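S.K.: Have a look at this one before I ask anything.
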Amino acid sequence: MMHAAKTLLLAIDVQNDFCPAYTLVSGEKTADGALAVQNGDEVIAPLNALAAAFVAAGGRVAATQDWHPAEHVSFASSHNGKKPGDIIDFAAVKGQVLWMDHCVQGKWGAAFHDKLDLKPVSLIVRKGFRKELDSYSAFFENDRETPTGLAPWIRGLGIDTIVLGGLATDYCVFYSALDAKRLGFNTIVASDAVRGVGYPAGSVEKAIEEMQAAEIGFATSAELIKELR
Ligand code: VGL
Ligand code: ZN
């Protein structure tokens with residue numbers, strides 16, 4: 001059971017680079033985002049509905065924004081002879097996937113999708129802004145110990161339940177949900193408000209299994225909205 005005033009909706013990385021094309025920029029249709037997640041923009045309608053319901057019920061809404069400097073360590077282009085999809089180990093991070101350049105600070109790809117309603121959002125957490133360290137989770141960077149500052153903000157508000165949606169199911173949503181649970185919050189994924197990358201093959205299914213094994217809940221946005229009333 002959720003107590004609305006103690007509940008946070010956390011919208012993960014609903015940014016142009018993770019969405020397929022649709023946006024009109026100076027009258028022209030753009031290309032897909034650099035790391036477009038299949039049907040990624042379908043998370044927006046349920047997230048907007050959830051955000052409105054959360055705020056109406058006295059809850060909070062926060063959003064994360066992947067925010068990389070140029071030549072970020074997670075970009076294949078930053079490593080000689082590497083291509084997107086290669087997986088490498090660093091001292092602090094094992095199994096870092098190398099991506100296309102994406103979500104570069106201040107660029108169009110890093111901006112929130114313009115259909116995402118930001119009015120209900122009271123905190124935006126930027127992550128992955130250190131050149132040498134990536135960050136999937138909203139709570140800790142990929143060394144699993146450098147904090148983003150989100151957890152103390154949430155605790156300071158007396159929040160005990162976190163509902164997550166956004167992109168991508170198998171990366172930033174996955175690591176954020178696991179950390180939320182590990183930090184002791186009641187954690188629920190809005191099942192119709194997430195979409196996955198699906199690389200390496202089977203990663204979405206694996207992420208969902210691991211979240212379920214960690215006792216993270218799953219509910220549809222309609223079910224969650226009903227519970228908030
Ligand atoms: C993400 C890959 C690289 C995500 C961010 O938001 O899931 N995935 N950076
Ligand atoms: Zn990234």
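S.K.: Any idea how many Lys pairs in the chain come in under 21 angstrom at the alpha carbon, given 8 or more places apart or on separate chains?
M.R.: Count of close lysine pairs: 18.
S.K.: I would also like to ask the following. Sequence-distant or interchain residues sharing an amide H contact under 5 Å with VAL189, placed H: which?
M.R.: Here LEU164, GLY217, PHE218, ALA219 satisfy the definition.
S.K.: For each of ASP179, ASP86, count neighbouring Cβ atoms within 10 Å of the residue's Cβ, then give the residues from fewest to most.
M.R.: Least crowded to most crowded, the residues run ASP86, ASP179.
S.K.: Among ALA57, ALA213, ALA21, which one shows the biggest mean-square fluctuation in a GNM of the chain, springs joining Cα atoms closer than 10 Å?
M.R.: Comparing ALA57, ALA213, ALA21 in the GNM, the peak value goes to ALA213.
S.K.: Still on this structure: Under the classification rounded if a/c is under 1.5, otherwise prolate if a/b is larger than b/c and oblate if not, where does segment 99-179 fall, given a ≥ b ≥ c as square roots of the Cα gyration tensor eigenvalues?
M.R.: oblate
S.K.: Would you kindly state how much longer the chain becomes between ALA5 and PHE218 on full extension, computed as 0.36 nm times their sequence separation minus their alpha carbon distance, in nm to one decimal?
M.R.: Result for the pair: 74.7 nm of gain on full extension.
S.K.: Okay, next question. Considering only the other residues whose Cβ falls under 14 Å of the Cβ of ALA207, what net charge follows from Lys and Arg at +1 and Asp and Glu at -1?
M.R.: -2
S.K.: Additional query: Pairing the Cα long axis of helix 203-213 with the longest principal axis of the chain, what angle in degrees results, from 0 to 90 and rounded to the nearest 10?
M.R.: 40
S.K.: Follow-up question, since we're still on this one. Mind checking the full-extension length gain between ASN39 and GLN105? Use 0.36 nm per residue of separation minus the Cα-Cα distance, one decimal, nm.
M.R.: The ASN39-GLN105 span can extend by a further 21.4 nm.
S.K.: Rounded to whole Å and sorted largest first, list the principal axis extents of the Cα atoms in segment 1-106.
M.R.: 52, 42, 24
S.K.: Rounded if a/c is under 1.5, else prolate if a/b beats b/c, else oblate: with a ≥ b ≥ c from the C-alpha gyration tensor eigenvalues square-rooted, which is segment 112-229?
M.R.: rounded
S.K.: Could you work out [θ]222 nm for the chain from helices alone, using -39500 (n - 2.57) per DSSP H run of at least four and dividing by all its residues? Round to the nearest 500 deg cm²/dmol.
M.R.: Using -39500 (n - 2.57) per qualifying helix, the result is -6500 deg cm²/dmol.
S.K.: Against the longest alpha carbon principal axis of the chain, how many degrees, from 0 to 90 and to the nearest 10, is the axis of helix 172-182 turned?
M.R.: Roughly 50 degrees, rounded to the nearest 10.
S.K.: State the percent of C-alpha pairs, over all pairs in the chain, separated by a distance greater than 22 angstrom.
M.R.: Percentage above 22 Å: 48.
S.K.: Can you tell me the orientation of helix 44-56 relative to the chain, as the angle in degrees between its alpha-carbon axis and the longest Cα principal axis, to the nearest 10?
M.R.: 40
S.K.: Same structure, new question: Once you've got the GNM for the chain with C-alpha springs shorter than 10 Å, pick whichever of ALA138, ALA36, ALA201 has the biggest mean-square fluctuation.
M.R.: Checking each option, the largest mean-square fluctuation is seen for ALA201.
S.K.: Also, quick follow-up: Mind telling me which of HIS113, HIS68, HIS79 comes out most flexible in a GNM of the chain, alpha-carbon contacts under 10 Å?
M.R.: HIS79
Every number in this text was worked out from the coordinates using simple rules, so none of it is lab data. As the structure is a computational prediction, the values presented were derived from the model and not from experiment. Cβ: placed from backbone, ideal geometry, glycine included. Neighbour counts: every protein chain shown.
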